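One structure below.
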Amino acid sequence: MPMPPLALVTGGAGFLGSHLCERLLEAGWRVLALDDFSTGDARNVQHLSSHARFQLMRADVTQPLPPQAEQAERLYNLACPASPAHYQRSPVQTTLTSVLGTWQLLSLAERSGARVFQASTSEVYGDPQEHPQSESYRGHVNPIGPRACYDEGKRCAETLCFAYHLERKVPVRIARLFNTYGPRLRPGDGRVVSNFIVQALRGEPLTVYGSGRQTRSFCYVDDTIEAMWRLMDADVEGPLNIGNPIEHTVLELARLVLELTKSRSRIEHRALPADDPHRRCPDLSRVQRHLQWTPRVSLADGLRETIAYFENELVTS
Ligand code: UDP
């Protein structure tokens, strides 16, 4: 029997990475997951560890990749801390992870002929002046602000992908992911969904930054993974927005979390972090045209799943 094809997933023990590894194994792929465990956690893929087609290795993507990676037909670049609290802790490493990590994968793909999936972000739009954001919008990013290490790192990673595609014919797929949530977000990682759920479950005040009138569009992880899957298989040039088009204020999210957890926590307002985007919502015309994909999971249903996960995490941790 021929060997199943190999996929490389950087950030494979992270939130999105672990869900993608599951999906790849279900579809019959062999999976080599790399993680430096700076924000990823081996427990996220513990249930896959006995799988014959799964391997997890510690690796820093800014360094040359392990030799096994040369065999991979598909390279998914998901390695980068994604929570503002985490990525701002080591801005140099965050920038290098995006830029050098993407460069390592693209150089590998140039040698091996593999296809590259780049996890980009709605943060390439910065604090957007156009609403909703379509892929043609060029963004409004502060290049030296506290979010720049992530925003500009991801922007430069897109640039590198296109440069390798145009000049060296490397096949690339780029997804601009908008606020994804679901099981395996880390409790206490500083993101709004994980913060609010943990605070509500512990009976602590929910910390709303600023007025709470800023908006985000939250996409459940299963929907995100489905779109990523279709994009990797599709023949699409240029980045695609992947997210849920239903926009909520942060205050609405806080109230919904309180309702679903039946928590009696209060809402407390804290200072709004510098450069916090005021609005964010994907224009999905392009992704719908190319992938016939639209998110299916409502915020309430997705939060219920996520709350159940955190309830269990808080008991066992
Ligand atoms: N936020 C909040 N309370 C928290 C954490 C975040 O009000 O405890 C706000 C944050 O200021 C931002 C939004 O929620 O406006 C989303 O923040 P997150 O860190 O999840 O991701 P971002 O979309 O900003 O990258």
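Computed quantities for the displayed model
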item: Considering residues of the stretch 65-94 that are part of a helix (DSSP H, G or I), within 16 Å of the ligand (Cβ to nearest atom) and touching a residue at least 60 places away in the same chain (Cβ under 8 Å) only, the residue surrounded by the most Cβ atoms within 10 Å (Cβ to Cβ); result: Y87
item: Positions within the stretch 206-234 being crowded, with 19+ Cβ neighbours inside 10 Å and of a type in the set (F, W, Y), in sequence order; result: F218, Y220
item: Subset of the stretch 172-215 (residues that are charged (D, E, K, R) and either closer than 24 Å to H290 by Cβ or more than 8 Å from the ligand (Cβ to nearest atom) (or both)); result: R173, R176, R184, R186, D189, R202, E204, R213
item: Hey, G17 touching a residue at least 12 places away in the same chain (Cβ under 8 Å), assigned to a loop (DSSP other than H, G, I, E, B) and closer than 24 Å to V172 by Cβ or not; result: no
item: Residue check, T159 touching a strand residue (DSSP E or B) at 6+ places or on another chain (Cβ under 7 Å), surrounded by fewer than 23 Cβ atoms within 10 Å (Cβ to Cβ) and either at pLDDT 95 or above or more than 30 Å from R266 (Cα to Cα) (or both); result: no
item: Flag for L240 being away from the ligand (no atom under 16 Å from the Cβ) and farther than 30 Å from H165 by Cβ; result: no
item: Output for the stretch 181-219, where each listed residue is within 22 Å of G17 (Cβ to Cβ) and in contact with a His (Cβ under 6 Å, 6 or more places away or on another chain); result: none
item: Options H269, H248: the member that is more than 22 Å from the chain's Cα centre (by Cα) and surrounded by 14 or more Cβ atoms within 10 Å (Cβ to Cβ); result: H269
item: Among (1) in a helix (DSSP H, G or I); (2) in contact with a Phe, Trp or Tyr (Cβ under 7 Å, 6 or more places away or on another chain) - the single one E22 does not satisfy; result: (2)
item: Candidates A33, A7, filtered to the one that is under 19 Å from the mean Cα position of the chain (by Cα), under 15 Å from G101 (Cβ atoms) and outside any helix (DSSP H, G or I); result: A33
item: Residue under evaluation K154, criteria (1) assigned to a helix (DSSP H, G or I); (2) more than 17 Å from I242 (Cα to Cα); (3) more than 10 Å from the ligand (Cβ to nearest atom), criterion not met; result: (2)
item: Residue list for the stretch 150-185, restricted to those being among the charged types (D, E, K, R) and either in contact (Cβ under 8 Å) with a residue 40 or more places away in the chain or out of contact with any helix residue (DSSP H, G or I) (no Cβ under 8 Å at 6 or more places or on another chain) (or both); result: E152, K154, E158, E167, R168, K169, R173, R176, R184
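This table checks each residue for (1) closer than 14 Å to L206 by Cα; (2) within 11 Å of the ligand (Cβ to nearest atom); (3) touching a residue at least 40 places away in the same chain (Cβ under 8 Å).
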position: V250; (1), (2), (3): yes, yes, yes
position: L256; (1), (2), (3): yes, no, yes
position: E259; (1), (2), (3): yes, no, no
position: R266; (1), (2), (3): yes, no, yes
position: A274; (1), (2), (3): no, yes, yes
position: P277; (1), (2), (3): no, yes, yes
position: R280; (1), (2), (3): no, yes, yes
position: D283; (1), (2), (3): no, no, yes
position: R286; (1), (2), (3): no, no, yes
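The values are calculated or read from the model by the stated rules, or taken from the named source; none is laboratory data. Computed from a predicted structure; not experimentally measured. All Cβ positions, glycine included, derive from the backbone under ideal geometry; neighbour counts span all protein chains shown.
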